[in-house]
Amino acid sequence: MTVNFSFEVAATDGRARTGHITTPRGEIRTPAFMPVGTAATVKAMMPESVAATGADILLGNTYHLMLRPTAERIAALGGLHKFMNWQGPILTDSGGFQVMSLADLRKLTEEGVAFRSHIDGSKHMLTPERSMEIQALLGSDIVMCFDECPALPATDKAVADSMELSMRWARRSKEAFGDRPGHALFGIQQGGVTPELRGASAEKLKEIGFDGYAIGGLAVGEGQDAMFGVLDYAPDMLPEDKPRYLMGVGKPDDIVGAVARGVDMMDCVLPSRSGRTGQAWTRRGQVNIKNARHADDSRPLDEECTCPACRNYSRAYLHHVFRAREMISGMLLTWHNLHYYQQLMSGMRRAIADRTFDVWQVRFHAERLDGDIEAL
């Protein structure tokens, strides 16, 4: 018997919520951070290592996987979970954002987006129906509606027209998704930074009906103040009994601010991308391991961290292998960053359950203000 997709809020503290999402492939503790496995891999990490950091769910990318190795090939090889050796839940994005930001010579119409691959120049057409087909072939547990995400700043008319188009595509996505027990479809709220457009989008999505709701069109250049301004009202426009997913966010203080405003799920490439470029995220803020100050430092990145990078290696070693361009540098720093992000989520879940989230936030911000430990 197939386990149905469901969501339960276990506790609240202010607008912050903790609970869990149930899927046939396992439970997702919320608030949840999803590491990004763009091309069926979280870069520099083994799947079991990602699981060891505490991640319950990964994100896969429709645009990249449809181009290489193709969704049809992945389906023939047993689906995305088997292909990448990840047994937990997977959420796939719709591909719309990547088409707009990466593809060459794209043409937007009511039908969808025609574009040329950024890899080899081959021609493709991505529509709501094709996006649903690709995500079904991949076998993802949570499927995202196909939408358009305009870059900000944009004119009010451009944002309004884009939102209306995304809502028409949302209805077509729902129709094409069909009846898939155990799989969920999320709608995506658009509307830029305009409350009226956000409200109109939310009403249209609720009329269609989805298993969860994403807040899209943020973290695209508008800045944290503007993003928080939208999050001050946008999550409350969406159903309380469904998960709320903020797409593409973000830095640790972005995540904490989003959770405080009622967001349940987030994703971002930042922890893995930062790890590969010598940046470590710690409770004291960001550490640039390439800096010369670390060359003779025998201390760990963070003495309270239990990840392999902090438990077994010094700052001096991490500095050396980064400067030497050794692969282990990206592996260790990515593991550390993903571990830190999952510890961040775990701490928030406990604080919300204990109704001490305000105290937790004060400590979080105070530690970051202290900055990194003094150089030796």
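The table below lists the values:
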quantity: Difference of contour (0.36 nm per residue) and Cα-Cα distance, ARG350 to ARG325; calculated: 5.2 nm
quantity: Carbon and sulfur %, accessible surface of region 189-328 computed with the full protein complex present, 1.4 Å; calculated: 47
quantity: Solvent-accessible area per residue, Å², over the chain with all protein chains present [probe radius 1.4 Å]; calculated: 42
quantity: Residue among LEU218, LEU197, LEU185 farthest towards the positive dipole end of region 142-253, charges placed on Cβ; calculated: LEU185
quantity: Cα Rg, Dmax, region 218-272, angstrom units; calculated: 10.7, 32
quantity: Calculated over region 213-337: convex hull of Cα atoms, volume per residue (Å³); calculated: 119
quantity: Approximate shape of the chain as ellipsoid semi-axes (Cα gyration tensor, √5λ), whole Å, largest first; calculated: 33, 24, 20
quantity: Partners for LYS82 among lysines (Cα-Cα distance below 30 Å; same-chain residues under 8 apart left out); calculated: LYS43, LYS123, LYS174, LYS242
quantity: Amide proton proximity set for CYS268, modelled H, under 5 Å, gap of 5+; calculated: MET34, VAL36
quantity: Shape category assigned to region 291-337 from the gyration tensor of Cα positions, a/c cut at 1.5; calculated: oblate
quantity: Rg over Rh [alpha-carbon atoms, Kirkwood Rh] for region 45-115; calculated: 1.06
quantity: Nearest-ten-degree value, helix 128-138 long axis tilted from longest Cα axis of the chain; calculated: 50
quantity: Partners for LYS251 among lysines (Cα-Cα distance below 16 Å; same-chain residues under 8 apart left out); calculated: none
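The values are calculated or read from the model by the stated rules, or taken from the named source; none is laboratory data. Model, not experiment: these values are computed from the prediction. We place every Cβ from the backbone using ideal geometry, glycine too, and count neighbours over all the protein chains shown. These area figures cover heavy atoms from the full protein model, side chains too; ligands, DNA and RNA do not enter into them. Shrake-Rupley method; radii C 1.70, N 1.55, O 1.52, S 1.80 Å.
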